[in-house]
1. Give or take rounding to whole Å, what are the principal axis extents of the alpha carbon atoms in the chain, in descending order?
2. May I ask you to derive the FRET efficiency for residue 51 and residue 3 from their Cβ-Cβ distance with R0 = 51 Å, giving the value to the nearest 0.05?
3. Which of these, 226, 326, 260, has the largest mean-square fluctuation under a Gaussian network model of the chain (Cα springs below 10 Å)?
4. Which value, in debye to the nearest 20, gives the size of the charge dipole of segment 139-189 about its Cα centre, when Lys and Arg are +1 and Asp and Glu are -1 at the Cβ?
5. How much length, in nm to one decimal, is gained on full extension between residue 116 and residue 58, taken as 0.36 nm per residue of separation minus their Cα-Cα distance?
6. If you fit an axis through the alpha-carbon atoms of helix 20-31 and take the longest principal axis of the Cα set of the chain, what angle between them do you get, 0 to 90°, nearest 10?
7. Taking neighbour Cβ counts within 10 Å as the exposure measure, how do 162, 245 sort from fewest upward?
8. Over the chain, what is the mean sequence separation of C-alpha contacts under 8 Å (at least six apart), divided by residue count, expressed as relative contact order in percent?
Amino acid sequence: MTDTLTIRRPDDWHLHLRDGAMMRAVLPETARHFARAIIMPNLVPPVVTSADALAYRDRITAAVPADMSFTPLMTLYLTETTDPDDVAAAHASGLIHAVKLYPAGATTNSASGVRDFAKVQPVLERMAEIGLPLCLHGEVTTADVDIFDREQVFLETVLHPLRDRLPGLKVTLEHVTTSHGVDYITQADGDIAGTITTHHLMINRNHILAGGIRPHYYCLPVAKRATHQQALIAAATSGNPRFFLGTDSAPHTDPNKETACGCAGCFTATNTLSCLAHVFEAAGALDRLEGFTSLFGPARYDLSPNADTITLTKGVTPVPYPAKIATGEGPVTVFDPGHPLYWRVS
Ligand code: DOR
Ligand code: ZN
């Protein structure tokens with residue numbers, strides 16, 4: 001039985017670091033294991049201009065602990081008034097690696113997102129020209145669509161027409177949660193990929209709702225039924241380079257999660273690699289973990305894989321990790337997969 005695995009150092013292609021005291025507390029949880037991450041721009045106010053991204057990058061870099069190395073890969077938050085020239089300049093200078101599109105109202109801090117796709121067509125055209133990837137929160141937001149169907153309806157009513165209009169645009173469908181999303185990415189022509197989170201590989205909607213409501217499993221897109229979870233596991237462990245890791249680790253303090261109307265987000269940065277090794281081992285696919293965490297993402301973003309490696313070791317006793325991370329804003333609960341984990345980064 002394999003109990004040691006050395007892989008290229010991983011990257012996280014979808015991460016929420018927040019800002020200020022929260023950022024300073026959660027950043028080491030990612031930087032301990034990951035070399036780089038695509039940083040989500042949904043701050044309040046959002047990271048909209050290249051000047052915003054530059055300032056945010058400086059704040060992140062200044063907060064990296066002295067004994068760790070970590071490179072934030074910045075993104076811009078697409079609004080209906082985003083200036084295509086500013087986006088192109090930020091890309092040309094190497095500052096940004098993607099633009100993030102939130103349909104307005106889809107999730108945390110998405111109020112400045114896109115309502116009318118016609119208004120962002122010029123930016124998207126420019127992005128297609130210069131090869132800048134679009135990261136998509138793929139859910140419709142209309143109240144008449146059931147929350148469990150919002151990704152599937154988005155594929156049909158938004159993504160498909162968008163890619164028809166802009167066949168040259170590099171699109172990453174983020175945090176895929178359905179077999180429909182997996183099938184779309186697997187079968188589509190052109191430049192499309194999908195990120196998959198740690199938590200969507202480990203939980204389905206029963207974990208959130210059966211036997212009591214568990215707010216720390218609530219995220220968006222919400223976890224779907226078990227058959228969809230199985231489709232995600234199959235995709236992640238398939239070795240198809242269109243699927244790679246974006247944890248969507250999204251810290252919220254306990255008071256903001258454990259309340260009558262709690263925030264969406266699972267905080268998985270601390271134990272993501274232990275979780276993933278568990279999932280890949282259970283699928284008989286440990287040899288494919290490196291592609292998912294460390295190779296396919298860099299290839300997608302025209303970057304080299306990291307030169308250094310990490311080693312995962314399977315122990316006989318469970319991996320200890322903290323239940324909560326203390327932050328200046330309050331405690332953040334670490335994702336609990338509901339069973340012990342035995343793989344640790346050594
Ligand atoms: O669960 C989520 N949390 N999904 C998102 O899309 C945003 C994120 C956050 O920022 O908290
Ligand atoms: Zn996210």
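1. Reported extents, whole Å, longest axis first: 56, 44, 41.
2. So the FRET efficiency works out to roughly 0.55.
3. 260
4. The calculation lands at about 280 debye.
5. 17.7 nm is the gain from fully extending residue 116 to residue 58.
6. With both axes taken from Cα atoms, the answer is about 60 degrees.
7. Ranked by crowding around the Cβ, least crowded first: 162, 245.
8. For the chain, the relative contact order is 20 percent.
Each reported figure results from applying straightforward, stated rules to the coordinates on display, with no laboratory input. Quick caveat, the model's predicted, so the values are computed rather than measured. All Cβ positions, even for glycine, are placed from backbone atoms using ideal geometry, and neighbour counts span all protein chains on display.
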